[in-house]
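Quick one: the structure is below, and I'll ask about it shortly.
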Amino acid sequence: MKQVYQFHEGQGSMRQLLGGKGANLAEMTRLGLPVPPGFTITTEACIYYLTNGKRLTNELRQEIETHILELEKQTGKKINDPDNLLLLSVRSGSKFSMPGMMDTILNLGLNDTNVEIFAQLTGNPQFAYDCYRRLLQMYGNVVYNIDGQLFEEIIESTKLRYRVKQDFELTVDQLKEIIEQFKDVYHRQKGQDFPQDVNDQLYQAVEAVFSSWNNNRARVYRELHDIDHNLGTAVNVQTMVFGNSGVESGTGVLFTRNPSTGENKLFGEYLINAQGEDVVAGVRTPLDIQHLAEDMPEIYERLTKMATDLEKHYKDMQDIEFTIDNRRLYLLQTRNGKRTAQAAVKIAVDLEKEGLISVDEALLSINPESINSLLHPIFDETAINDDQVLSTSGLPASPGSATGKICFDTIAAKEMVSQGYQVVLLRQETSPEDIEGMVISEAIVTSRGGMTSHAAVVARGMGTCCVAGCSDLDVDEDKKQVRCGDILLNEGDVISVNGSKGHLYVGEIPLIINENNEYLDKIMMWAQTRARLDIRMNAETVTDIQTGLDFNASGIGLVRTEHMFFAPERLKEMRRFILSQNLEERQSALTDILTYQLDDFKAIFQTIADKPAVIRLLDPPLHEFVPTKAYEIKRLSEELAVSEEILGTRINELHELNPMLGHRGCRLAITFPELYLMQAEAIIRSAIAYQNETGVRVSPEIMIPLVGMTSELVQLKNQISQHIEKILNDESVKIEYTIGTMIEIPRACLIADEIAAEADFFSFGTNDLTQMTFGFSRDDAGKFITQYEEQGILPKDPFQTLDVEGVGELIKVAVERARSEKPNLKIGVCGELGGDPVSIEYFNKWGLDYVSCSPFRVPIAYLAAAQSQIKQSL
Ligand code: PEP
Ligand code: MG
């Protein structure tokens, strides 16, 4: 197995084997660009090393030796050669760029003797000794794991002693003193000397870079960015060129376009007389790249030309490292540059316009999740002080950023809003009773609950920013206080909430509003033409539906009718229904509720017009609608003229140990059929009214939740359709309605063919399906899921990204079985996974018809659906 490739032997397509850096160095060499010669040791060699006793094999040593000889031939320089000394850099480079996560050693090849030679050869002893001290420092740190701070302290104390301000002002003698002290550190810390044999230096450096693949920060980075731990890193061994060899030299970083804004203009900075790490270390302030045009015009011109050529070659914005060694320009690295979402959309649209990439390539270049930040106002990160950061983070449950005074309940929120303040509702968890407070809040924060908790779902629906499950917050709703570590906040104190990241801050953080974005509009237009999946929205209020329509949602995939019972007068009627003792009382309450629902559904039809709308009949357990606190029960007993005692008894009866698995969904209508009949009647009568008024034909899609048995569906469907047919007969009109079901119980997936025979459509409720497949209560899983992720037991929170093997398999089985019975059955997804790009890729692949998500995720879903479609056709 060949384990080492000279740069001229490789090419850009060999990223897996040579790592991104190695492949790009090879490609640049092939293109004839001024890359210092070198070779790459493969990722395969790294994996072999890590899994076979962590020793370099003799074969590998021999191969490295051969390639050093070849390098010596190419450069005319030699290791240890007193006439023409070859020095090397050793750098990591894996398939995916992991900036700063692994290690680099520069100036390898110097030792106590060579440094003298180098000083003479360059005629610059200060430079030579500076290179040697850097080698000792990096080598000690990378190979011997010596704390870098120990070296820094020596440099600082020497500078102090000699009253020297900058590193490069240190004299040769002072540098020699530092070097001796560095060697002492090796002794004290490791009981070893710095290796004087250059081959030992090289082999140990290669081993250290291999091992750095598994250092802690690299592992964490990979986990954060979903990079496979088994890829390994390549090692690039390259002839040193020196940006620190005098005032005719320098080093810098260049982006071919502005990575923050996307502006098509070179962006970057450089330092004269410096080596790579000086730019990163931030000790000296680098100069803007435009300055180079005056400093070294001919170099600037060549660099600009190379940058343009590289961008054309790679068809993407490049991030380029360069070094100028005595007025000779070298390129040390190029890669596709990281960029903000704003820059990403502009660059994609511009590159397409310039003819460098196709529309499909433009769409694939943007991370769907990233455009979230373009849809909501965001905090000005530069304005955040460290002491404002609250040391807790929760789930980024609903994106956006907002500031307001803390309120612990709806009453306080209403009062403060009436005084003209903006508020943040902060509770242990929310329930339907809090809805009024939630509606008027700028942001919602809870200390409990997950991504599908009440707070999260409702907030996303409303487009209100929300951070859920901040378990480090100790919320005392009675005392109206919240504690986070040492910080105690009271009602009325101001906090800022970043719902896109799950972060909280004390005090106000200024917002940056995202202006209309012509580039995003263009991307969305392209995405909509490419996507096969329809993208619907989960919405019930006119404002939310309008938001979804503005993002071109193709309809509504889920109206959660329970969200319509939050206003006080409706809640009161709902409670009257729930607490009724007999059918007569229930009917009377329902008659009043019907009036409200007629308005609700009419408003929906008026807003959505001829687009489809799935309206789900009541789903949550009834106890969610009744109060629990003594003062609220007292107030309700006065309102309903029922004794507190009777109320208390009835509320107790409604109490369930596992309400999510209890009397909810279609089970409610099996016991109280009149409930769904009332809702179905309201839907149909509103549709008739709207159709009569406007002539626009509507086709309501009535959805029954939580079906696990075909018989449940059959019974309810028959009752509902008989009721509807009677109305239509009486009114002598026709309405094209359908009756379908949610698929959110594993049993329903397994008998999907039987259910399909009875249903007009399916919609997967992945929140409940995930809950029931894993047996994780969706309200409690937040307590342990992070730990599961941290310990690698679960790769991802399955409520946020589809668990392909389990929940995904059930969905696949259900789709196959259902379509074997009814090939044209319309199937969608309306759980939170409907807005998750990774999950959408699977839903598209498995042939679903649509996904439905909260209105603000509609653009993200479109882009994900388009990407999935494009990838399938590749
Ligand atoms: C679901 O379970 O995925 C769903 C959409 O319904 P809900 O979240 O309202 O239970
Ligand atoms: Mg559900």
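Which entries in the list Lys480/Lys572; Lys2/Lys190; Lys353/Lys501 go over 29 Å, if you measure between the two C-alpha atoms of each? Walk me through the intermediate numbers first.
Working: Lys480/Lys572 26 Å; Lys2/Lys190 35 Å; Lys353/Lys501 33 Å.
Cα-Cα > 29 Å for Lys2/Lys190; Lys353/Lys501; rest within.
While we're looking at this one, here's another question. Would you please report the Å³ per residue occupied by the convex hull of the alpha carbon atoms in the range 378-512?
Convex hull volume per residue, Cα atoms: 88 Å³.
Here is a further query. With an 8 Å Cα cut-off and a minimum separation of 6 or more residues, compute the relative contact order for the chain in percent.
Working: 1734 pairs, mean separation 78.4, N = 874.
Answer for the chain is 9 percent.
Related question: Could you list Val220, Val172, Val807 in order of exposure, starting from the residue whose Cβ has the fewest other Cβ atoms within 10 Å? Numbers along the way, then the final one.
Details: Val220 12, Val172 15, Val807 25.
Ascending Cβ contact count within 10 Å gives the list Val220, Val172, Val807.
Can you work out D for the chain in µm² s⁻¹ from Stokes-Einstein, where Rh is the Kirkwood radius over C-alpha pairs, the temperature is 25 °C and the viscosity is 0.890 mPa s? It would help to have the intermediate numbers written out before the result.
Details: Rh = 31.0 Å.
Rounded, D is 79 µm²/s.
While we're here: Tell me which GluC sites (Glu not before Pro) from the range 433-541 have a DSSP coil assignment and no more than 16 other beta carbons within 10 Å of their own. Write down the numbers at each step before the final one.
Values: sites: Glu433, Glu436, Glu442, Glu477, Glu491, Glu508, Glu515, Glu518, Glu540; in loops: Glu442, Glu477, Glu491, Glu508, Glu515, Glu540.
Taking the range 433-541 and a limit of 16 other Cβ atoms within 10 Å, the loop GluC sites (Glu not before Pro) found are Glu477, Glu508, Glu515.
Could you work out how far the C-alpha centroid of the range 751-791 sits from that of the range 431-491, in angstrom?
Spelled out, the Cα-based centre of one part sits 24 Å from the other.
For Phe210, Phe379, what ranking results if the residue with the fewest other Cβ atoms within 10 Å of its Cβ goes first? List each step's numbers first, then the result.
On the way: Phe210 26, Phe379 23.
Fewest-to-most Cβ neighbours within 10 Å comes out as Phe379, Phe210.
I would also like to ask the following. Quick one: compute a quarter of the convex hull surface over the Cα atoms of the range 505-550 and quote it in nm².
On the way: hull surface 22.4 nm².
Orientation-averaged projected area of the Cα hull: 5.6 nm².
Taking N as the number of residues in the range 488-613, what is its Cα Rg relative to 2.2 N^0.38 Å?
Details: Rg = 20.8 Å, N = 126, 2.2 N^0.38 = 13.8 Å.
Its radius of gyration relative to the 2.2 N^0.38 Å reference: 1.51.
Can you pull the Rg over Rh of the range 722-787, Cα-only, Kirkwood? Walk me through the intermediate numbers first.
Numbers: Rg = 18.0 Å, Rh = 14.6 Å.
That ratio equals 1.23.
Eigenvalues of the Cα gyration tensor times 5, then square-rooted: what semi-axes does that give for the range 289-374, in whole angstrom, largest first? Before the final figure, lay out the partial values.
Details: eigenvalues 170, 36, 25 Å².
They are 29, 14, 11 Å, listed from largest to smallest.
Can you give the % of DSSP beta bridges in the chain that are antiparallel, to the nearest 5?
The answer is about 60 percent antiparallel.
Oh, and also: What fraction, in whole percent, of alpha-carbon pairs in the range 309-451 exceed 27 Å separation? Could you put the intermediate results ahead of the total?
On the way: 5023 of 10153 pairs.
Beyond 27 Å sits 49 percent of the P(r) for the range 309-451.
Related question: Just the number, please: Stokes-Einstein D of the range 160-242 in µm²/s, Kirkwood Rh from C-alpha pairs, 37 °C, 0.692 mPa s. Let's see the in-between values first.
Details: Rh = 16.5 Å.
The Stokes-Einstein estimate is 199 µm²/s.
Please give the contour-minus-distance gain from Thr261 to Asp309: 0.36 nm per residue of separation, less the Cα-Cα distance, rounded to one decimal in nm. Walk me through the numbers on the way to the answer.
Values: separation 48, 0.36 × 48 = 17.28 nm, distance 2.13 nm.
Net length gain for the segment: 15.2 nm.
Let me ask something else about it. At 0.36 nm per residue, and after removing the present C-alpha to C-alpha distance, how many nm does the segment from Asp592 to Gln16 gain when stretched out fully? Display every interim value, and only then the final one.
On the way: separation 576, 0.36 × 576 = 207.36 nm, distance 6.64 nm.
Gain on extension, Asp592 to Gln16, equals 200.7 nm.
While we're looking at this one, here's another question. Give me the extension gain from Lys845 to Ser820: residue separation times 0.36 nm, minus the current Cα-Cα distance, reported in nm with one decimal. Intermediate results must be reported in sequence, preceding the final value.
On the way: separation 25, 0.36 × 25 = 9.00 nm, distance 1.71 nm.
Extra length available between Lys845 and Ser820 comes to 7.3 nm.
Quick check: the angle from helix 148-161's long axis to the longest principal axis of the chain, C-alpha only, nearest 10 degrees?
Tilt of helix 148-161: around 60 degrees.
So what's the projected area for the range 4-239, the Cα convex hull averaged over all directions, in nm²?
Values: hull surface 53.7 nm².
Approximately 13.4 nm², given one-decimal rounding.
May I ask you to sort Met537, Met438 by Cβ crowding, counting other Cβ atoms within 10 Å and putting the fewest first?
On the way: Met537 33, Met438 24.
If I rank by nearby Cβ atoms, fewest first, I get Met438, Met537.
Taking the simple approach of a point 7 Å from Cα along Cα-to-Cβ for both Lys812 and His187, what is their distance in nm?
Computed distance between label sites Lys812 and His187 equals 6.4 nm.
Rounded to whole Å and sorted largest first, what semi-axes of the equivalent ellipsoid does the C-alpha gyration tensor of the range 171-319 yield via the square root of 5 times each eigenvalue?
On the way: eigenvalues 221, 127, 42 Å².
So the equivalent ellipsoid measures 33, 25, 15 Å along its semi-axes.
Let me ask something else about it. Take the cross-link list Lys602/Lys726; Lys611/Lys783; Lys21/Lys159; Lys338/Lys611; Lys54/Lys315 and give me the ones stretching past 32 Å between alpha-carbons.
Details: Lys602/Lys726 20 Å; Lys611/Lys783 40 Å; Lys21/Lys159 36 Å; Lys338/Lys611 39 Å; Lys54/Lys315 39 Å.
Check vs 32 Å cut-off fails for Lys611/Lys783; Lys21/Lys159; Lys338/Lys611; Lys54/Lys315.
All of the numbers you see were taken from the coordinates with simple rules; none came from a lab. Not measured: the values here are computed from a predicted model. Neighbour counts run over all protein chains shown; Cβ positions are idealised from the backbone, glycine included.
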